[in-house]
Amino acid sequence: MGATVISNEHALDGGPGPLGATYGKMMMWFFILSDALTFSGFLAAYGFSRFKFIETWPIADEVFNHFPFAHGVDAPMYYVALMTFILIFSSVTMVLAVDAGHHMKKNKVAVYMALTIVGGFIFLGSQAWEWKNFIKGEFGAVETSGGSILQFVKKGEDGNYERVKLADFAAVLPEDRTQHSRNNGVWFMDEATIPSHSANEIIQGFKAHENILVRVETIDPTTKKKVVLSREESIKRLADTKYVVEGANLVRNEYGSKLFANFFFFITGFHGFHVFTGVLINIIIFFNVLLGTYEKRKSYEMVEKVGLYWHFVDLVWVFVFTFFYLV
């Protein structure tokens, strides 16, 4: 009788699994599938919310129009497009690292892994810069007692309406404003940072500048632009001002619907955490490559497995980019 041979290969040993794939790769695919479902749920929730508030949803070209070292220049989507290009290019360098591993070329694997790590760091830095601008804001707005956001515009030389900063027209009045801290606040709670101007200063300054009008959140379906009110309507709506809003946070948002800011922080932050995790794993793999760990194993499969994760992160960003910035 022939002896029966029982394989004792463990999942951590990279033994063969279904369809000829190692168990390590299979587990990575299972993780990617579960994570893809998570992101799908978040993006679906974003889509439903946007559809429900489609008439008051912020216009992406007006929100993400900054570019580093180009202050005051209207560059809609330019920097976001650059971020996307850098992240996708890092996927190319990861593919080259995996291919070099298949050919057992240690030095090339190290070089391409290093380029992938640099691309990841640039993307994370760019995302942090985008967050900073989003949180800080540029023009400011006011919120009415009903929760509507009112922005300020004036006609430019080309006949189109352009945004006006609060500081450009707000009056300076002798008002005493105190920011509550834990020692003097209600229920020992810290108050949010006090805006640069009070509601009364905005109203009085607006009345003194007849060329400025109020723009509401509602989008005109014909022009695809926010509706601008007449001077009389502007004064009437402005009388209901309750808060001065500068930038965006989880409570108020100068760009429009509060849900937009909530989804932006959560989804892009969740994706950014994935990119950060991927960069850390890439660094560990990179040092293992330099130490010759995979050369001794005669296999660079770990590079391939982390490559799957990195490609997944890049693919998710394509969907996030489409939902938030393009659609």
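Quick rundown of the values:
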item	result
Alpha carbon convex hull of segment 202-251, volume per residue in cubic angstrom	111 Å³
Calculated SAXS-style log₁₀ I(q)/I(0) at q = 0.24, 0.26, 0.29 Å⁻¹ - segment 117-179, Debye, Cα scatterers	-1.09, -1.13, -1.16
Sequence-distant aspartates and glutamates (8 or more away, or on other chains) whose Cα lies within less than 16 Å of K108	D99, E295, E301, E304
In order through segment 312-324: 3J(HN,Hα) via Karplus (6.51 cos²θ - 1.76 cosθ + 1.60), integer Hz, x for Gly, Pro	5, 4, 5, 5, 4, 4, 4, 6, 4, 4, 5, 5, 7
Listed residues F152, F286 arranged by accessible area, highest first, probe 1.4 Å	F286, F152
Burial ranking of peptide ranges 134-144, 21-31 (average Cβ count within 10 Å, highest at the top)	134-144, 21-31
Estimated inter-spin distance, L315 and I281, nm [label 7 Å along Cα→Cβ]	1.4 nm
Net charge of neighbours whose Cβ lies under 13 Å from the Cβ of G278, counting Lys and Arg as +1 and Asp and Glu as -1	-1
Relative contact order of the chain, defined on C-alpha pairs under 8 angstrom at six or more residues apart (%)	23 percent
Separation of alpha-carbon centers, segment 117-172 and segment 265-299, rounded to whole Å	35 Å
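The values are calculated or read from the model by the stated rules, or taken from the named source; none is laboratory data. Not measured: the values here are computed from a predicted model. Glycine also receives a Cβ, built like all others from the backbone with ideal geometry; neighbour counts cover every protein chain displayed. To get the accessible areas, we keep the full protein, side chains included, count just its heavy atoms, and leave off ligands, DNA and RNA. Shrake-Rupley method; radii C 1.70, N 1.55, O 1.52, S 1.80 Å.
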